[in-house]
Every structure is written in structure tokens, then in C-alpha cells.
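Note sheet for the following structure.
The values are calculated or read from the model by the stated rules, or taken from the named source; none is laboratory data. Just so it is clear, the model here is predicted, and its values are computed rather than measured. Note that each Cβ is placed from the backbone with ideal geometry, even for glycine, and that neighbours are counted across all protein chains shown.
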Amino acid sequence: MTFRSECGIVLDALETFFEQAQARKGPVIRQTPMAELAGQMDLERLISEGGLGGDGLKRFLAPYLEAATRLHHPGYMAHQVSVPHPMGAVAALIGAFTNNPMAIYEMGPSATTVEYTVLNWMLAKVGWRPAPLPGSEAGEEAHGGGVLTHGGSLANLTALAAARSHVAPDSWETGTPDNLVVVCPAGCHYSVARAAGILGLGRRAVREAPTDADGRIDPGRLASFLNGLRQDGSEIMAVVANACSTAVGLYDPLRDVAAVCRDLGIWLHVDGAHGASALVSERDRGLVDGIELADSLVWDAHKMLRTPALCAAVLVRDHRTLDGAFREDASYLFHDKDQPGFDFIHRTVECTKAALGLKVFFVLACEGEAAMAAYVERQSDLAKAAAAFLRARPGFEVAAEPQSNIVCFRVDGDDALQLDLRRRLTENGNSYVSSTEFRGRRWLRLTLMNPATDMSDVETLAGEVEGMLAM
Ligand SMILES: Cc1ncc(COP(=O)(O)O)c(C=O)c1O
């Protein structure tokens, strides 16, 4: 048993898994009961006796991959998780094998350098000044900064920790003042409320920003809302804007929201976990117009940058705000030493931190920027075409004209019917869709992540739904 021979077994199995999924053979998703699956994979015996290599590995992989959800199947239209570019998976292998947890430079100089460079690429896309390389002539000008984290939820927490330390610099030592509030649209991802809980504001400190009927922040009413909060004694830690919203993929009007925040001296955080990837497209950049006026931004590479999970960027306009977010003593890590590089550890919740930058770097470096832009544009064009197709069908309704690659639709009937249709679609196995609430009703939700998904998959889905309704 060698690393090469085991990798060979895995590669053969993955290739078959990929080819079958992409050829639409077999269901997208198979919900095998867990107890059955544990038996098929022979987990307990393997843990106790070992012997996973060679034929044992083949025996394990067969049920494992059989039950795995097939993101490469073009009928995968459910969640915002990327269909990973193969080069991202290659990078993950390198990261896992070298195992350079690079929160401190000495534990992974190459991984740190890659992450630093990827973050600078992202900063430049936003319109923020990239960070000079350590040791270079830095100059006087303030510059941006960032860190990659294990997911957008952790990234939102990190950015909001930076906001807290900016607004209440003593909070790290003395705790969170009880009048701090966060303002965001009701449709914000739940990780924002969770961050408020973790940061000690409490979920009750999350105040709903005024929005239009589609849940986008209404900048015309924002200033008076914020002033009202202040008059009532609240201190606003941050306004959080969506770029784009999780449920329906709509973008808040960032320039106008930022103008209000600037005017009132309020930290603006943009949750661009899903939609900040519009930044790579000249054509679609207008969706995030004004993003450069924010103070912080979250941008997940494992959503629309085709990178395997997890890989999420926290970016700030002024690096000092993120550098001040966490203040720790750890004598075994933080001490005077030769420092030819950069320690990310001051910017992150995590201590041991994987080489996340390598994954997104491999994808970018393989495809190049033009191809990444073409991917983002293709998926949002597909969403518009899907919306038009679905809207035209009798009894179908589309929630909103898509701005990204997310389309929500429903058929005539109550909420229970939409969930029942989802269940039956999942059982059929040709399409895997998600579902969400929006405007007080339940919708079926397509998140078109897969570059192999085309209109024929949307047609199959609609045909199946119509068939179910006719039964
Ligand atoms: C807008 C938004 N923010 C944050 C998140 C959380 O990201 P993650 O799933 O990487 O924790 C999501 C996930 O769907 C999201 O859509």
C-alpha cells in the first residue's frame, strides 16, 4: 500500500462518479437511511480493525460514493455550494498532504504567500488598496486587508468582530456594551444573527432595516431609521447589506446604502458570500456598484468561484480594523522572532487554519479571470432564461426577476404542496432543488451552480412538476 496506489484507487472511483453524474446517470441525491449506510460502509468494524487500504478501500468507496450527493449531476440545482473545479480538489490534496496550518508564517510560508496574494487579488477587485508584501516599501497610505476562513458564517462573525472593536474598542476587555445593535434586512443570512449572539449583543440586538417589497434595503428610509435608533439610545455597530440575499439572490443598492452609512459614520458590512463574485465580471459588476464604500466584505470562494468547501474571504478596506479585532496572548505563538512573512493568526478566530488560499488559487490560475467571468455570467443568464421559461407556464409563478443564479418559483397551491413537490422531485432523482420562504410564502428554489446544467434540466424539472400536478 503506497500513497500513489491508494490515490490511484480513489481517482478511478472519482472519475466514474464524475462521469456518471455528469451524464445524468443515477439520481442526484439518494437519502439512504443512516443506519443502513453505516452498515454498508462497515464503519465500526473498520475503526476497530483497520484495513482500509487496497481492496478494503475499494469496498468502502463503493457505498460511500453511491450515497454521496452528486453535485456534478446537472440536475443539482439546490444549494449555494460550488460544483468544484477539479483543480480545486487537487489543491485540497496538496493542502491535506503537506498539512501546513498557516496561521503563522513559519508553519506554511508558501500557503501564506498564496493566501496573501489571493486576498490582494480580491481587494483589488473590490477597489480597495491591496496590502504590500511584507518587507517591501509600504509607503504611508492605508491599505486593505483580509483573511480566509472556514466558511461565510465564520467570515461574517470575523467581520462583525472587527466592526465591534472599531465601534467599541474596549469591548474586548470589558465586554460588549448593552446598547450595541446591528441593522440588516430581514432576509439576511442567519449567520449575522448568530454572530450577534456570539459577540454578546444578543439576537434581540438585530434590528430589521427598512426594505422594499422584495426585501432589499430601502435607502430612502434608512437614515431616519438609523437616527431613530440612535435617539432611542442605541449605538449602531454595523449595517449589514446583502450582495446578494440567500433566499432569492437579490442585491441591496450598495451605493445608496453606503452613502447613508458614510453620512452617519456607521460601519457598513456587505455580506457578499454568494454574490460578490459579480466583481469578476465587467458586465455584472454594476450589481455591486458602490461596494468599495463599505468597511468590510465577506466573499465566499466556495460558492461562485468554483472552489471546494470551505474557502471564504473576510476583506476590510482598512487592515487595521481587522488587525484590532482579536487581541490575544499566547507565548508559544506570539513572540519576537525572525518574521520574513505574515502571520494571519491575529485576524482569525481559528488557530490551526488550513491552506485555503491554495484551493481558490488553483481554480483561478487554471481558468484565468476571463473564464471565471464567463462562468458567473453564464449562470446568471441561465437563471434569467429559467425564470422566463417557468413564468410562462400556466400555474407557475416566479418570485422575482433573478439578479444572480438563483430562481424561486412556485405553483398554484399552498405551501405544503411546494414542499411535497420538492420531496417527490428528490425521490425521482433527476432534479435536486431547495426551497425557501419569501414574501410570506414558500417557494421552490433553484441555485444554478453547475456549469453543466442547461435549459434541458429546467425543462425536465418543470415537466416532472406538471406531471405530478396532473396526477
Ligand atoms: C449571503 C450568505 N451569507 C453567509 C452564508 C454562510 O456561508 P457558509 O455556508 O459558507 O457558512 C451564506 C450561505 O448560504 C449566504 O448565502
Some residue of the range 307-316 being over 29 Å from S435 (Cα atoms) and touching a Ser or Thr at 6+ places or on another chain (Cβ under 6 Å): yes
Output for the range 411-463, where each listed residue is among the aliphatic types (A, V, I, L, M) and touching a residue at least 60 places away in the same chain (Cβ under 8 Å): V433, L446, L448, M449, A452, M455, V458, L461, A462
The range 291-315 residues that are closer than 16 Å to T447 by Cβ and part of a strand (DSSP E or B), paired with ones that are small (G, A, S) and near the ligand (Cβ under 10 Å from one of its atoms) (beta carbon under 9 Å, 6 or more apart): D300/G151; D300/G152; D300/A155; D300/G272; D300/A273; D300/A276; D300/A309; D300/A312
Residue that is farthest from the ligand (Cβ to nearest atom), among those in the range 183-204 that are surrounded by fewer than 21 Cβ atoms within 10 Å (Cβ to Cβ) and in a helix (DSSP H, G or I): R204
Single residue of L148, L160 found to be within 16 Å of the ligand (Cβ to nearest atom), within 21 Å of the chain's Cα centre (by Cα), closer than 25 Å to D336 by Cα and surrounded by 24 or more Cβ atoms within 10 Å (Cβ to Cβ): L148
Subset of the range 163-182 that is out of contact with any Gly (no Cβ under 7 Å at 6 or more places or on another chain) and β-branched (V, I, T) - its residue that is nearest to the ligand (Cβ to nearest atom): V182
The listed residue being more than 16 Å from the ligand (Cβ to nearest atom) and of a type in the set (S, T, N, Q), out of N242, N227: N227
A373 in a helix (DSSP H, G or I), small (G, A, S), touching a Ser or Thr at 6+ places or on another chain (Cβ under 6 Å) and closer than 27 Å to G145 by Cβ: yes
Selection within the range 259-281 - over 30 Å from V363 (Cα atoms), β-branched (V, I, T) and part of a helix (DSSP H, G or I): V260
Residue within the range 246-255 that is at pLDDT 95 or above, within 16 Å of the ligand (Cβ to nearest atom) and part of a helix (DSSP H, G or I) present: yes
Within the range 276-306, considering residues that are more than 16 Å from the ligand (Cβ to nearest atom) and among the hydrophobic types (A, V, I, L, M, F, W, C), the one surrounded by the most Cβ atoms within 10 Å (Cβ to Cβ): V280
Filter result (touching a residue at least 40 places away in the same chain (Cβ under 8 Å) and either crowded, with 18+ Cβ neighbours inside 10 Å or within 14 Å of the ligand (Cβ to nearest atom) (or both)) within the range 256-275: V257, V260, I266, W267, H269, D271, A273, H274, G275
Condition broken by R30, with the remaining ones in (1) surrounded by 16 or more Cβ atoms within 10 Å (Cβ to Cβ); (2) touching a helix residue (DSSP H, G or I) at 6+ places or on another chain (Cβ under 7 Å); (3) closer than 22 Å to T426 by Cβ satisfied: (1)
Test: residue in the range 73-94 that is aromatic (F, W, Y), surrounded by 15 or more Cβ atoms within 10 Å (Cβ to Cβ) and more than 16 Å from the ligand (Cβ to nearest atom): no
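Results for (1) among the basic types (K, R); (2) more than 16 Å from S245 (Cα to Cα); (3) within 24 Å of the chain's Cα centre (by Cα), shown as yes or no for each residue.
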site: W172; (1), (2), (3): no, yes, no
site: V182; (1), (2), (3): no, yes, yes
site: S191; (1), (2), (3): no, no, yes
site: I198; (1), (2), (3): no, yes, yes
site: R221; (1), (2), (3): yes, yes, no
site: N227; (1), (2), (3): no, yes, no
Top-ranked residue of the range 19-66 - restricted to ones that are basic (K, R) and part of a helix (DSSP H, G or I), ranked as farthest from D457 (Cα to Cα): R45
